[in-house]
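Where a number appears in this text, it was derived from the coordinates with a stated rule and is not lab data. If you're wondering where the values come from, they're calculated on a predicted model, not measured in any experiment. Backbone-built Cβ (ideal geometry, glycine too); neighbour counts: all protein chains shown.
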Amino acid sequence: MTTYTKEEIAKKIQHTNVNPDLDREGVIALCNDCIEYNFDGVMLQPCWIEEAKNILDSTDIKVCTALGYPMGGATTASKIKETEDVFKLGADQLDFMANVGFLKSKMYDEYKNEINEIVHAANGKVTKIMLEFGMLTQDEKKIAAELALEAGVTYLKNSSGWGRGGKATVDDVQLLKKVAGDKALVKASGGIRSYEDCIQILNAGASLIGTSAGVKILTGTGEQLSDY
């Protein structure tokens, strides 16, 4: 088992608060945490991209955003428009939720085509698909990951961490790593709240971790914000 220093773990954490009640003061605090602990990136809702970009402009910390969760059922056209918008606002990376209903209906062409169109709209920027494994059978998990890989995403991600998306498990991350091979990377999210959790998930094959408990993970103190 590979061991990691806390500094190495920090560079694999995308420090997250996508709660609807996050205010400007909270955005500033989240970004300042990223600077203090040298996290890989900040993850917040699209309305706060410009604020975060201004704070982090002189750093190499990535501004990341998420859309389409926790339902995933917005139209493809609206997801494409949002994708274009968030990158125009200055986002470096995008996490987006798959249409679970398409997958459950075995509408595999529609499922894959939507993902491909979002990737195309991102125009070379990093995309991470939130597969919402908590709602899928084992067979569906594999199919979802394979279709997303074929559609060209940069990262396969087990869950948004919201609603029924589910928590990150070693088994799920190992599955994603197996499907991804050398064609994509893996991000894990949902219920990762301790240094020990991080070590297990990273050793299972994750390259990035999404969590609101980044400070707690590194210091053993602090209040987590959500299950993300």
*If R0 is 30 Å, what FRET efficiency do you get for MET1 and GLU146 from their C-beta distance, rounded to 0.05?*
0.60
*GLU8-GLN45 pseudo-label distance in nm [points 7 Å out on the Cα-to-Cβ vector]*: 3.7
*Under 5 Å, built H, 5+ apart or other chain: amide partners of VAL126*: LEU94
*the stretch 73-228: D in µm²/s via Stokes-Einstein (Kirkwood Rh, Cα pairs, 20 °C, 1.002 mPa s)?*
137
*Would you give the gap between the C-alpha center of the stretch 203-219 and the C-alpha center of the stretch 77-117, rounded to a whole Å?*
25
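Can you give the FRET efficiency to the nearest 0.05 for THR75 and ASN203, using r as the Cβ-Cβ distance and R₀ = 45 Å?
Working: r = 39 Å, r/R0 = 0.87.
The pair THR75/ASN203 has a calculated efficiency of 0.70.
Could you sort out which of LYS128/LYS167; LYS106/LYS167; LYS112/LYS142; LYS12/LYS112; LYS81/LYS187; LYS62/LYS178 sit more than 19 Å apart by Cα distance in this structure?
Working: LYS128/LYS167 16 Å; LYS106/LYS167 24 Å; LYS112/LYS142 13 Å; LYS12/LYS112 28 Å; LYS81/LYS187 24 Å; LYS62/LYS178 27 Å.
Too far apart for the 19 Å limit: LYS106/LYS167; LYS12/LYS112; LYS81/LYS187; LYS62/LYS178.
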*Most positive-pole-ward Cα, THR75, MET130, VAL173, against dipole of the stretch 57-213 from beta carbon charges*: VAL173
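Can you give the extra length, in nm with one decimal, that the chain gains between ILE35 and LYS106 once fully stretched, where that is 0.36 nm per residue apart less the Cα-Cα distance? Don't skip to the end; give the middle numbers.
Numbers: separation 71, 0.36 × 71 = 25.56 nm, distance 4.39 nm.
That pair, ILE35 and LYS106, stretches by 21.2 nm at full extension.
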*Peptides ranked, highest mean first, by Cβ atoms within 10 Å: ranges 46-54, 148-156, 210-218, 124-132*: 210-218, 124-132, 148-156, 46-54
